[in-house]
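The values are calculated or read from the model by the stated rules, or taken from the named source; none is laboratory data. Predicted, not measured: the structure shown is a model, and the values here were computed from it. Please note: Cβ atoms are built from the backbone with ideal geometry, for glycine as well, and neighbour counts cover all protein chains shown.
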Amino acid sequence: MPGRSGSGEWRVFGLGCDYRDGVVKTYNRLLAVRAADTGHINIGTYGGHYLQTVHLSLGTPNLLAWGAMRTGSWGRLAQGSGAFAADRVSAGVTSLAPRRL
């Protein structure tokens, strides 16, 4: 999305898996309990990101927003989780190496 004041990019994604073959789950319950859980594994992951540069008189900072969520089930256990991150990086940073004092 180019423009006079900056440019940006966005992307969304979705990914799913569905195991119906009676596989033994790998979570932290006793093996006998896991083996008795014959439910399907159905997991969906969804998310996206947005990147933006903004041209200002003081420089050109880069902005980032990223997020993802996961829903579904591991047999009898419900799955629900998510993550989000946001960051701003100012232009002009050329090195992260330590400086001499």
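Would you tally the residues in segment 1-28 being more than 21 Å from residue 84 (Cβ to Cβ) and surrounded by 13 or more Cβ atoms within 10 Å (Cβ to Cβ)?
Going residue by residue through segment 1-28, those that are more than 21 Å from residue 84 (Cβ to Cβ) are 1-7, 17-28.
Next cut, surrounded by 13 or more Cβ atoms within 10 Å (Cβ to Cβ) only: 6-7, 19, 25.
Residues meeting the conditions: 4.
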Quiz item: Do any strands (runs of 3 or more DSSP E) lying entirely in the chain carry at least 1 residues that are out of contact with any Gly (no Cβ under 8 Å at 6 or more places or on another chain) and at pLDDT below 90, and which ones are they?
Solution: 8-19, 62-74, 77-89
